[in-house]
Amino acid sequence: MAAGVAGAVLALSVPAPTAAATTAGQVKRGDVRQAMSNLANIDGVVGAIGQVYVDRRRAGQGTAGSRLLDGKGGRVPPDSRYRTGSQTKQMTAAVLLRLVAKGRPGLDDKLAGVLPEVTRQDLVERADEITVRQLLRHTSGIPDFFASGQFDDPFDFTTSWPGGSSRLSG
């Protein structure tokens, strides 16, 4: 997920390729490297990491900037893990809205119907009342997950959530 988000964030910073910048429909590697360097030089950005995918296959990866402020800590390793923080909200909303456009789920569908495991495992109160629209607008009333104390280990990269059982899969 983190790599996908990094790629999406990088893609947002890369201008659309021109005919001269493409070979067989692909962005030149130098263009991506330059975009990453430009991103790493923005005030407040320490480093950048990204991956480029062509036809769902990784075509390259790279980094720019450093691991710590003021150029300390050396280069960012291309296989680094990092917290994406609030950026995931926009990425998740974009994917969810694409699914809504395809009719699965609908904006007024209830959370319990879209992700039945939240009801079965009693993970979210009022899951049968909360709509997808409320989730997207952050008006569902679900409390801050981190502040709830239910988040055991923020750096546990082995945790995964089952797929295939919800209406979002497929």
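Quick check on R81: is it surrounded by fewer than 16 Cβ atoms within 10 Å (Cβ to Cβ) and in a helix (DSSP H, G or I)? Here the answer is no, as R81 does not meet what is asked. For the range 43-76, a residue qualifies if it is assigned to a loop (DSSP other than H, G, I, E, B) and surrounded by 11 or more Cβ atoms within 10 Å (Cβ to Cβ), and the qualifying residues are V45, V46, S66, R67, L68, G73, R75, V76. The set of residues from the range 78-115 being of a type in the set (D, E) and touching a Leu at 6+ places or on another chain (Cβ under 9 Å) is empty.
Pick from the range 128-156 the residues that are of a type in the set (V, I, T) and modelled with pLDDT of 90 or more: which of them is surrounded by the fewest Cβ atoms within 10 Å (Cβ to Cβ)? Of everything passing the filter in the range 128-156, T139 is surrounded by the fewest Cβ atoms within 10 Å (Cβ to Cβ).
So that you can scan it fast, the table gives a plain yes or no per residue for (1) on the phi > 0 side of the Ramachandran plot; (2) modelled with pLDDT of 60 or more; (3) of a type in the set (G, A, S):
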residue: A16; (1), (2), (3): no, no, yes
residue: T23; (1), (2), (3): no, no, no
residue: A35; (1), (2), (3): no, yes, yes
residue: I42; (1), (2), (3): no, yes, no
residue: V46; (1), (2), (3): no, yes, no
residue: Q51; (1), (2), (3): no, yes, no
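The values are calculated or read from the model by the stated rules, or taken from the named source; none is laboratory data. Every value quoted in this text rests on a predicted model; they were computed, and no experiment measured them. Note that we place each Cβ from the backbone using ideal geometry, even for glycine, and neighbour counts take in every protein chain shown.
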